[in-house]
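Working notes, beginning with the structure itself.
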Amino acid sequence: MSATDEVNALARRVAELNEGIAAGGADVESLRDARDLTIGRLRELADVGVTRDADGSVSLSIGSGRALVIGSFSYEVQTAGTPPLGLTSLSIGGFDITDEIAGGRIGGLIHLRDTVVPGYQTSLDQLAYDVAS
């Protein structure tokens, strides 16, 4: 399962738990505990903001405040290759959020791809130039 698939599955789970919490019942505390664990797993993957709502549910945002979960509804993070290099970009609701993800495993992978690897490529190019000179 890819990291974005995992984010989407966890977001759907939070939405389901929100629905159960808003409905009330005897097991609300166990639902809240499960939701908190799920949110913790989401935060390991990416920057996720949490806003508590009056009905006991939470709203989640990703990146620069893009809605990920509102009440019992979740939005899906989508991936697509971008020309000309075919690098993967992330979007939610039609908005590119690739540059907005800085934390978690996904943020680390984006940083590696966009900063660390190009730095190594530049150093390798310089080394080849120096050896050739």
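Global dimensions of the chain from alpha-carbon coordinates: Rg and Dmax equal 19.2, 76 Å. Each distinct pair of alpha carbons in the range 3-52 adds a 1/r term; the inverse of their mean, the Kirkwood radius, is 11.2 Å. Principal axis analysis of the Cα atoms in the range 41-100 yields extents of 46, 21, 17 Å, listed in decreasing size.
For the chain, the relative contact order is 22 percent, taking Cα pairs closer than 8 Å that sit 6 or more residues apart in sequence and dividing their mean separation by the residue count. The distance between label points at Arg105 and Ala22 comes to 2.9 nm (points 7 Å beyond Cα on the Cα→Cβ vector). Amide H to amide H, with H built 1.01 Å from N, Gly103 comes under 5 Å of Asp47, counting only residues 5 or more places away or on other chains.
Evaluating 6.51 cos²θ - 1.76 cosθ + 1.60 at θ = phi - 60° for every residue in the range 119-130, the Karplus couplings come out as x, 5, 4, 5, 5, 5, 4, 5, 4, 4, 5, 5 Hz, glycine and proline recorded as x.
Amide H contacts for Leu68 (H built 1.01 Å from N in the peptide plane; partners 5 or more residues away or on another chain; cut-off under 5 Å): Leu60, Ser61, Ile62. Relative to the longest principal axis of the Cα atoms of the chain, the long axis of helix 3-23 makes an angle of roughly 10 degrees. Computed extension length for Phe73-Thr88: 2.9 nm, one decimal, from 0.36 nm per residue of separation with the Cα-Cα distance subtracted.
FYI, it's all coordinate maths here, none of it is from the lab. Not measured: the values here are computed from a predicted model. Using ideal geometry, Cβ is built from the backbone for each residue, glycine included, and neighbour counts are taken over all protein chains shown.
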